Structures are given as structure tokens and as C-alpha cells.
Amino acid sequence: MWSWTTNVTDKLVDLLDDGSFFRQPWRAVYRGLAILLGVGGIVAALAVLGSAVYGCVKLYEADQYVPAVLGMQVGVLAGLACLFVGFFLARLWWTRADDLDQHTEGHRVFLAGPIVAHVFRTLTEALGSAAGFIGVLSFLVIWPLANGLDNIPFVGGWLRSMVGPSPLVLVAAPVGGFLTMMLGRWFAEGIEVLFAIANNTRLQRHGQEPISPAPPAASTTQFTWAGFAIGVLCYLMMALPLHEYLPLIPVLAALWLAMSRNWSASATALVGIAIAIAVRGVFRLVAENDERSAAWVYIEKEQPLLIFLLVLICLAVALLLRERNGRLQVGFSRPRVWAQGLAIAVVYSLYPTVETIREHLRRHSLTTVELQQAADLFKPYEGRRFGWRLFAGVDTAATFIVSAPQFDVDPYGTIMFQHALQNGRDLLRSTFSLSHEAIGLPDSLLYTRSQGVVMLHYLNGDSIRFTMRNGDATFTQMAVAVDVVARLQADVLAGREARFDAYRDSLHTLTDTLQGRFHSYDCSGAACYAWFGVETPDGVVKRPFYCATSTVSGFPMDALPRDDARWTIVSRQTTLANAEAFDEGAAPVIYELYVLMPEVKAEDAIREPAAKEPPTSTGPVRNGSGAESATLAKPKVYAVNEVDQAPRFPGGNRALKAYLATRQYPAAEKVAGQVAKVRVSFVVSQTGQVREVTVSNPGNANFDTEAKRLIAGMVGWEPGLKDGRPVDVRMTETVNFSLND
């Protein structure tokens, strides 16, 4: 009943075992790929050539003939490369379709495996061959014309982008293509081995003898080193300049004829001639792309050898004619022909090649460090303004600026400098050279000008000495950098200010405490003065006191009551002169009103019990008649958090910050870029005076001294209050020395 199913299954298995199910479709695929690759190569070649022709016409219309010729040459070479690769791959797939039957011979069953192996091998060989050819051919097309690619329209930028990696492509593409081919073959052979084992296992199960499969057909693409060498020479000929590859055309034609007819004697001579001409063309190509290249040495040294090349050409023609007529028969093998021809070319080009190598070794290209040293040769003077030194100082009106030098480098590492100085209407020029082994500014340079020559001595980076000759007399003039003069003047001024500040600070230490009554306040002059009737042993004397601010100890001077109240007056010595007046000895001393306190009456004083504040030290106290009658305890110094009302600087915290910002930055530390924050501890007394000034975090002596001076100079504090009475309070302030302030 079900016998028909068995018949259908057997027929299907016979169809699969026959192989027609696999062979015919894949043969058609091979043919189709071959046609597509061939047509693709033709289309790509025509497209490249067409763009080159179009660009050439446009450049000719713009009168740019040299870029037009370069673009046409690149287009022809690129088109030939596309055509060659397309035809090669097309022939590979077409011929592989013919050996598909032979490749699967001996496989009675499981034909899918051998066919997959065959397809994979063909595919990897095609990819590897394409990669190798594209790498080599693109390098031969682009590299010879690299300098002119930017002028080629449409494709110039794309080709220029390939110039950088082209040497890497030349090496990596053939190696990668070879590895792709080898790995593809190993994988295909592994598949064939596995399926051969499967076939033999199946036959043994059915009692049949195993069959050894026929070896795979050899690749139909025959590769010979002779053909490859001739092909490279032909393609290289197209990459060379026209006047270089014209002599190579008849030589290659004769070589191809001799190789095809097995005329080994003439072929040997022609191989040597072709290689010698090709080597000369390569050196010519390199030399024309780089005029300073050592390749010109080869061209020059080869000139005397051209007579020997002519003799060799005549000998090759004679051997070719004799072998054609059958009068000479030499049975050299092809490897021997190429080896002997290569030896002839090596002997011919040995002398110019050695001289070229020696010339290359003698040359030196500047490193990045050496180029930077050359550019910085005048760095200490560059961009700075110089003035002439006179008896009274430096003339900063008639100045000149030292510019950067211009330099060029020869192939041997010698640096040729050109330097110019514009001194008013006089232009000075100097030309000198330095070796790359000793790049440094000479101590003296000779400059030419309209009225003769002048010798410049570059001294220490800040000054230049000019030596001029007028007849038998020699004159010397010194030019000094204006910024140095300004810096020296600033240093002198800073020193003068520092001496004046030290003098004024020394005056501030001289204080005096007096008693008196307020009389008047006068601000009509350049400075403000408060007049008090001061009590002296000789009576009441009316004295003026300089007021640095309009408020002293919290009392506005212009609103001070004119009554009979007695005031405690603390004054200190100071001066209103400046640093120049101090240096000239004209810095008069005046008395500054430092602290002002109303006298506290005895009945208004609040006294604490003795048990609460035991005396720690004693001191004399005067009574109304001036006699020492009793001793009181030294006042206690409170912390800020222990008092009811903290001491207050005149004007509040904003005025205090403004006062602290008037600190004077030490000159040496400012130049060195040093910064600091100095914490200063001090006591604000009951009278509003500052005493016991100490640095809490001592460090730099100059910073500490300035901070102490600044804090000690504060006047007019409102004292702190404890239980409604003034007390001594210890405080801390930070003096900030920052370059950003």
C-alpha cells in the first residue's frame, strides 16, 4: 500500500547522489559572478577615466595645464587598475565553473560538502587577490603624483586622503590577501576531509570498498614570478614620467618576445636593462617630487654609466637577432634568467646607489626640539622694546623692538637665519648660519645698514651693545630693555616707600596721654585738626591734633560738644609727607589724635567687689593732688564671647575690611608669587587702643611684620562692654595676602 512512498524516496536520494542538483545551479552562479565582475571593472574604469577627462577639460579651460596633465595621468592609471582587477576576478570565477565537476569527482554521496568547500575556496582566493592587487596598484597610482593631487578636481581630495596610509596599504594589503587565501584553503580542505570520511563510512556499511576522492583540480590561475615581474614593470612604467618610461616600452616588448620564445640569452640582458631603467625611473620620480631629495645623487652619479647601458642594449639586440635566426641556443631556465638579469642590474646601479646612501647618511633633518630651539633663538629679546641708555637714564621715546628671526634648513642640518631690526628709519639686516649640533645665539652678530655695518653684542637678555665704526674711530652705544628700566624704577620706588613706611611706623610707637578740653575742629586746610586746651604743668596750652578720620573713638569731631568736659587725649607722632620728601629730609612730624575718651567721674564709676576680681598686679594711681595713694588690680582681658558687647571698629565691619585691604604686599613675595593668610591676635583696651599684637600662625617674616604693623595702626575702636563698663577684650583678625586682591 505504501510502496509508492518508498519509490519516491529512492528517486529523490538518487537525484541528490547524482549531483546534478548541486552542480548545475552553482555553475550558473559562477558564470553570473564572472560576468558581473567583468562588467563592473569596465564600468569603474570608464567612470574614472570619464571623470579624469571631464576634469582635464575644465582645467584646460581655466589655463591650468599642469594639474590637467596630472589628473589625466591619474585617471588613466586608476582606470587601468580597475579594469585589471575586474578582468582578473572575472576570469577566476569563470574558469572555476569549469572544474566544478572534476572537484567533486569520487564523491558518490554527500556532494553538498565538497561544493561548499569549492565555493568557499574560490571566494577567499578572489577576496585575497583583490585586496593584494588593490593595495599595490593604488600605491603605484597615488604615490608618484601625491604633490599634485590637491589640484585635481572631483577626485583629488579623495586620492589625497589615501596618500597618508598608502605605504601601510602597500604592505598590509598583500599580506592580508595572502592570509585570507591560505585560511580559506585550509578551511575548504578540512570540509573535504570530513565529507570523504563520511563517504567511506557509508560505503563500508553497505559492504563496498572505500573510494579515494580525486585530488582537487589545480587553480586555473597560474602564477609565475616572471609574469608578475613583467606586469609590475609594465605598471610601473605607466606611473613614471613620460620621458622616463618611453625607453622602457621597447625593452619590455623585446623582453616579452624573448620570454615567450624561450630566448634565454637575450632575455637575460633585457631583464638587466629593464630593471636598471626602472630603478632609474623610480629615483627620478622621487627626485622630482622632492627637489632636495638625495635621489638626485643617483641621477648625477649614473650619468657616466649610461654609455655602458647603451652597450648592454646593443648586446641584447644582437643576442635577440642571433637567437631568432637559430644561430644561438642557450638553455637557461627562467629563474636563472631573472637571477642573472638582476645581477647585471645590481652591478650597473651599485656605484650610484652606494653614493646615494652615503649622501643620505650625511644629511640631517631637524628634530622637533631642534626646530623649537631655532625658533626660540632670540626668545630672551623677542618682542621686547629697547631704549638707548643716556647719562640721565634711558630714552624711552626713541625705542625699537627685536623681532623673531626667519630661518631655513638645508639637507645637512645647517640652519640659515635672517634677522632684521627696525631702528627708527634705519633697517639693520643680518644673515648667519648655525649647525644643528650647536644651536645658540652668538655673542655678536654683524648687521648691515644703509650707512655701513654695525656689530651687535647680545649681552644678558636685557641689553644690547651697538659697536659702530666711523673712519678710524669706533663708537659704542648701549640699548636697554624698557621693561627692565621700569622694573628697576619700581624696585627703587618700592624701596623708598618701604623706608618711609618704616619711618612712619617708628613714629607711631611714640604716644602721649594728655588731659584737656575740646576747643574747635578745623578742616579748611589740606588736613583736618582738632584744637584742645591741654593741661600742662605750666598751665593750659591750646594745641592742634591732626585727625586722620572725621570720627575718633566713635566721636564725630565736627559735632563734639564745646563744654567744660575733660577728655583723655591719646596722641601719637606721624607725618603727612611722602617718600620723596622723606628722602629729601623734609618730613615734618605732627601729632595725630589717636584715641579720645571722656573723663569718667568717680561717682559714676561702677566698681566690682574685690572678691570677684582679686588683684593680680599693682601699679601706681594718682589722686586729685597727684600723690600715689593706692594700687588697683590689672584689668582682666576678656574673650569676645565673654563680653556683652564686642569692640567695634569705627564704621563697622565694612570699614574694618576696607582698612585691612590697605595692607602693603612685600615686594619680594609679590614677585615670587607667594600668598599667605596671617592671623593676628590683639587686645582692644578700655580706651579703644590696640596693644599686645602677636601673630598666631607665624610663617614668612615679611608677611608677619606687615600684618602686625597693620593691626597695631588701628585707632578709634569702641571698647567692649561688660556689665555696662568698658573692659579689655582679646580679638583675632586675619590679614589676607592674595595676588588676586
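Miscellaneous remarks
- Among (1) open to solvent by 60 Å² or more (accessible area, probe 1.4 Å); (2) under 30 Å from Asp426 (Cα atoms); (3) in a helix (DSSP H, G or I) - the single one Gln303 does not satisfy: (2)
- Candidate set: the range 672-685, residues that are surrounded by 18 or more Cβ atoms within 10 Å (Cβ to Cβ) and not hydroxyl-bearing (Ser, Thr, Tyr); chosen: the one farthest from His508 (Cα to Cα): Ala676
- Looking only at the range 574-621, and only at residues there that are of a type outside the set (A, V, I, L, M, F, W, C) and modelled with pLDDT of 80 or more, the one that is surrounded by the most Cβ atoms within 10 Å (Cβ to Cβ): Tyr594
- From Glu669, Glu733, residue being in contact with a helix residue (DSSP H, G or I) (Cβ under 8 Å, 6 or more places away or on another chain), open to solvent by less than 80 Å² (accessible area, probe 1.4 Å), in a strand (DSSP E or B) and of a type in the set (D, E, K, R): Glu733
- Hits in the range 466-506 (condition: touching a residue at least 40 places away in the same chain (Cβ under 8 Å), part of a helix (DSSP H, G or I) and over 30 Å from Thr574 (Cβ atoms)): Val482, Asp483, Val485
- For the range 555-570, the count of residues that are on the phi > 0 side of the Ramachandran plot and in a strand (DSSP E or B) is zero.
- When residues in the range 700-730 are screened for being on the phi > 0 side of the Ramachandran plot, open to solvent by 50 Å² or more (accessible area, probe 1.4 Å) and either at pLDDT below 85 or in a helix (DSSP H, G or I) (or both), 1 of them pass.
- Meets criteria (surrounded by fewer than 13 Cβ atoms within 10 Å (Cβ to Cβ) and under 21 Å from Val715 (Cα atoms)) for Thr509: yes
- Residue that is touching a Lys or Arg at 6+ places or on another chain (Cβ under 9 Å), under 30 Å from Arg185 (Cα atoms), small (Gly, Ala, Ser) and at pLDDT below 80, where the choices are Ala97, Ala112: Ala97
- The set of residues from the range 259-291 being in contact with a Lys or Arg (Cβ under 9 Å, 6 or more places away or on another chain) and either open to solvent by 50 Å² or more (accessible area, probe 1.4 Å) or small (Gly, Ala, Ser) (or both) comprises Arg261, Asn262, Ser264, Ala265, Ser266, Ala267.
- Considering Leu390, Leu441, Leu434, Leu445, the condition of being at pLDDT 85 or above and more than 29 Å from the chain's Cα centre (by Cα) is satisfied by Leu445 alone.
- The residue pairs whose first member lies in the range 361-379 and is without any contact (Cβ under 8 Å) to a residue 60 or more places away in the chain, whose second member is open to solvent by 70 Å² or more (accessible area, probe 1.4 Å), and whose beta carbons are closer than 7 Å, counting only pairs six or more residues apart or on different chains, are Arg362/Tyr412.
The values are calculated or read from the model by the stated rules, or taken from the named source; none is laboratory data. Note that the coordinates shown come from a computational prediction; the quantities given were computed from them, not determined experimentally. Here the Cβ is made from the backbone with ideal geometry for all residues, glycine too, and neighbour counts use every protein chain on show. Ligands, DNA and RNA are excluded from the accessible area calculation, which covers all protein heavy atoms including side chains. Shrake-Rupley method; radii C 1.70, N 1.55, O 1.52, S 1.80 Å.
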